[in-house]
Amino acid sequence: MIGLGTYTTYKLYNLNSNKIHVKVYMQHYAGLIDNTSDIVDRKDEFYPNDITGERLIARADFDALFFTKDEINTLMTVASRFKKTTTKEIVALSHEENAWIKNIENHNMISYLDAFTLKAI
């Protein structure tokens, strides 16, 4: 069984990429992350090809009491499915999803409802 202990998440962006709409992504990212300073530590990351990012490291272990049994099952399913999946593989998989395919041309936001039709899970 995969544990949901202390976790780390990453934000990556390439300012030279025409494929990534940094302004929209960064605006929503900042709104979510700026209010987490009391629960995560933030660390800047630098990668090849002008890619920068930020590592978010939880200050406390995962507390399952905040989630229902169904939510825990969902988290475990996702963690198990993508445990050994690289970032590039996740990007490739996401670009095969109908939600991506139907929204990429016009750069539309992807609806939450599209989460119910994911192929990769």
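The values are calculated or read from the model by the stated rules, or taken from the named source; none is laboratory data. Since the structure is predicted, the reported quantities are computational estimates derived from the model, not experimental observations. Note: ideal-geometry Cβ built from the backbone for every residue, glycine included; neighbour counts use all protein chains shown.
The table below lists the values:
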{"quantity": "Residue selected from segment 56-71 under the condition assigned to a helix (DSSP H, G or I) and free of Cβ contacts under 8 Å to residues at least 12 places away in the same chain, by the criterion nearest to the chain's Cα centre (by Cα)", "calculated": "GLU71"}
{"quantity": "Selection count where residues are among the hydroxyl-bearing types (Ser, Thr, Tyr) and assigned to a loop (DSSP other than H, G, I, E, B), scope segment 86-121", "calculated": "2"}
{"quantity": "So ILE90, is it under 17 Å from the mean Cα position of the chain (by Cα), farther than 25 Å from ILE121 by Cβ and at pLDDT 80 or above", "calculated": "no"}
{"quantity": "Single residue of LEU32, LEU4, LEU12 found to be part of a loop (DSSP other than H, G, I, E, B), within 17 Å of the chain's Cα centre (by Cα) and at pLDDT below 75", "calculated": "LEU4"}
